[in-house]
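See below for the structure under consideration.
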Amino acid sequence: MLEIQHISKSFYRKVALDDVSIHVQKGEILGLLGPNGAGKTTLIRIINRIIEPDKGHIRMNGDLMTQQHLSQIGYLPEERGLYRTMTVEDHALFLGQLRGLSKRDVKTQLEYWLEKFEITDWRKKRIEELSKGMAQKAQFICTVLHEPKLLILDEPLSGFDPVNVELIKQELIEMRAKGKTIILSTHNMKSVEEICDRAVLIHQSKKIMEGRISEIQEERKTGEYAIKFRGSMIAFVNALWTSFELIDKEILGDDKFIARVKMRGDNTFEDLLRTLLGQIKIEAAWEVLPSMQDVFIDLVQVKKEVSNA
Amino acid sequence: MRNSWLIAMRELKERIGARSFIVMSILGPLIILGVIYMLFALGGEGKQHWNVLITDPANIMDNKILVTQDKSVNYSFANDYIEMEDFRDSKQFQQFDAMIEINEKVLANKTAFVFFREKPSVRMQTNLQFHIERRLEEVMVGRFTNLSVREFRKIKQPLNVAFRNAYDPFDKSADLRAWVGFFYGALIFVFIFLFGMTILRSVTREKSNRIVEVMLASVHPNQLMLGKIMGIGIAAFIQFTIWALIVGAGLFFMRETLFPDMLDASNLVQMTQEMKDQTAMDQFLGGIEYNQFVDLVYERIQFGTMTTYFLLFFIVGYLFYGAFFAAIGATSGSESDGQQFVLPIIFLLCFALYAGYYSLQNPESTMATVFHYLPFTSPVVVMVKLAQGYEPGQVYQLYLSLIVLILSAIFILLIAGRLYKNGILQFGHRIKIGLLLRWLKKS
């Protein structure tokens, strides 16, 4: 769908992107991750042709990207901006027409989205009359109005209440199911785990990681397991003895715990379960995978340490 | 172009929907009409009814003045010599506001003296002169020709004797029409300033609320800038049209109702019995003198030509200066920063007004010629020159100035486009010359 090839961009002496290449597949949600100032927004602006790269190029469906391709992209920038005195409908008409839709198509699409979000009475409301979250919803509608094949969303969930966060997430999942491609730039790692298929991490202008979420987590797992049980914690620890190491524990009740355990030597998960059987009542057991938050922090910190050294 | 047009239409809708636009559309022309009314009224102020004593010892006028319907003057006759001191001090003459002395040599030396207690308004002076002239004309026609007054007035041709200063043969410095040109030019700059500031505010607001990023993901920066300048320009044009319509209607109303006698010589025509024999020109000359401003507004301004070139220079001048405002808005790091950098533009606009005034005073000077072609100043200077009138064979100067302005506007739009493109997404910085130069060099 989108080939970002060897993109470099500098702002005078500051390098914003250094030879970044990313392959975005059709019908996937790609998480674009990175700490503040990593170069994510610069990359997004380059994809949207708002700024030009110093080196490299971008292909969309095999063709070098041109201004014409912009009508296939829906872009929701991080810094939301709407004309305060314009109504929701006027906004939709203006932005929709700029994206190549006819007036009639805009109205049809707007009707669909307002009904879907159950906000038909917002149509004639001016932006200044809406709350921040409401305005954000209106902007989301304006972004997807022209049914873009590629959606680029920069922090689309910030500012929404939990109900609306869920609503937008479901909408994105639905869009993916319809074959739309989505690039999601966010610091909300939980949502990355929940809805992204793959993730790319940019740090200090370079791409330092790319892969499927499950594979990234798999690659970085540390052999930790979690056991949810009923019984005595002392009995649990005694059972571990020297073959396993208790990393952490969470108290759920008087005799209810979740313990995180690491293997020592050649011991396996099966060995652990055998050891514990009869000592405590196991309710659940699973392999602990690192959260994307952990992966993010690990990678960014390691990189920082390396560059400091 | 479609995108620029969409942007222009959005700007236009926002502008004409704003309360300030509506207020200014009505208030602006009302202020102009108010000023015009004052100038008209000042021309006709003073004592409204005059008692005039005509001393005519030789009884040349036969105690007749032939005024039938002018109620503003009441004439009395005395066939004696009355000294000015007597008129001034004697109790019996205190009822008269003025005394006109018709001495026996009046037919030869064509001079009559009017002694007044309180200076008559220009309008009253014109009335008195007109009445005496008419009566003496009748007397002279009867004495020195075999023609009837009617025949004489048929063949009489008005002669406009123009007095010229040898050092200023065209008398342009005192030419009221030049001031009209200056007014037109000043109007261009008022509109450029008002709507230029609107461009600046609009750009900086879009920048500060970040909607510009959404826009730039759909349109090229130059399309955005052009659309914005176009939309605000159309709003300016609409406002100007509203001004012109209201001022035009107001002038018509004033002429028809408030000052019906002004310039309408038909009111003066009734003063003499043979007025119906007067030629149109005669009628015109009958009323032309008494208020120069009325004369200027209703008769001497070539509204058609002036307005055509006003619009041309307004549009191109607006594009020229508008590009500056857009570039400043785009390159500034904050709204306050942008407003600071408007000062040089305001200085340029003020300088242009000064150049217009300078050209009015020194139309033949080298600097006036330079200002005539300089794109910063040409809109106002050309208006002054146009009002004064180009010499035959020099009209090419007008076209040349317009071409220079058009080329300059294109050049500035290109430069501004580059600054706009490179500066529009930069925030929180301070404008420095070095930075601007870097942005200019960047494609």
Sticking with the crude label model, points 7 Å out along Cα→Cβ, report the distance from A:ASP197 to A:VAL163 in nm, one decimal please. 3.2
Distance between the C-alpha centers of region B:341-378 and region B:422-436? Whole Å please. 30
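Assuming R0 = 45 Å, what is the FRET efficiency of B:ILE16 and A:LYS14, from their Cβ-Cβ distance, to the nearest 0.05?
0.55
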Amide H contacts of B:ASN74 (H built 1.01 Å from N, under 5 Å, at least 5 apart or other chain): B:TRP50, B:ASN51, B:VAL52
Net dipole in debye of region A:222-288 [+1 Lys, Arg Cβ; -1 Asp, Glu Cβ; about Cα centre; nearest 20]: 140
Got a sec? What order do A:ASP197, B:ASP89 fall in by accessible area at 1.4 Å, biggest, i.e. largest, first? B:ASP89, A:ASP197
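Using the Cα centre as the reference, give the magnitude of the dipole from point charges on the C-beta atoms of the protein assembly as shown (Lys, Arg: +1; Asp, Glu: -1; all else neutral), rounded to the nearest 20 debye. Before the final figure, lay out the partial values.
Details: 86 positive and 83 negative charges, 340 e Å.
In debye, rounded to 20, the protein assembly as shown gives about 1640.
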For region A:134-216, run through the trypsin sites (Lys or Arg not before Pro) and keep only the ones in DSSP coil with at most 15 other Cβ atoms within 10 Å of their Cβ. A:LYS178
Rounded to one decimal in nm, the spacing of the 7 Å Cα→Cβ label points at B:MET24 and B:ARG430 is 3.2
Give me the number: length gained by fully extending B:PHE411 to B:GLU256, i.e. 0.36 nm times residue separation minus the C-alpha to C-alpha distance, one decimal in nm. 51.0 nm
Most to least packed among B:350-362, B:217-229 [average Cβ atoms within 10 Å]: B:217-229, B:350-362
Cα centroid distance between region A:208-276 and region B:186-244, in Å? 65
What's the average, rounded to a whole number, of partner chain beta-carbon atoms within 10 Å of each residue's beta-carbon in A:46-53? 4
In the protein assembly as shown, what % of DSSP beta bridges are antiparallel (nearest 5)? 65
For A:LEU252, what residues show an amide H to amide H distance below 5 Å, using hydrogens built from the backbone and excluding near sequence neighbours? A:PHE257, A:ILE258
Treating every alpha carbon of region A:67-180 as one equal point scatterer without solvent, the Debye formula yields log10 I(q)/I(0) values at q = 0.10, 0.16, 0.20, 0.21 Å⁻¹ of -0.26, -0.70, -1.16, -1.30
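How many percent of DSSP beta bridges within region A:164-309 run antiparallel, rounded to 5?
For region A:164-309, the DSSP antiparallel bridge percentage is about 95.
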For chain A, set up a GNM with springs between Cα atoms under 10 Å and report which of A:ASN48, A:ASN164, A:ASN238 has the largest fluctuation. A:ASN238
Check A:ILE183: other-chain or 5+ apart residues with amide H under 5 Å from its amide H, H built from backbone geometry? A:LEU30, A:LEU151, A:ILE152, A:LEU153
Run through region A:1-108 and list the chymotrypsin sites (Phe, Trp or Tyr not before Pro) located in a DSSP loop whose Cβ has at most 14 other Cβ atoms within 10 Å. A:TYR12
Please list, by residue number, everything in region A:278-294 whose backbone N is under 17 Å from a paramagnetic label point 7 Å out along Cα→Cβ of A:MET263. A:285-290
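Round to the nearest 0.05 the FRET efficiency obtained for B:ARG201 and A:GLU129 when R0 = 22 Å and r is the Cβ-Cβ distance.
After rounding, the FRET efficiency stands at 0.50.
The values are calculated or read from the model by the stated rules, or taken from the named source; none is laboratory data. None of the values given here were measured: they were computed from a predicted structure. Cβ atoms come from the backbone with ideal geometry, glycine included; neighbour counts cover every protein chain shown. Calculation scope for accessible area: heavy atoms of the full protein, side chains included, ligands and nucleic acids excluded. Shrake-Rupley method; radii C 1.70, N 1.55, O 1.52, S 1.80 Å.
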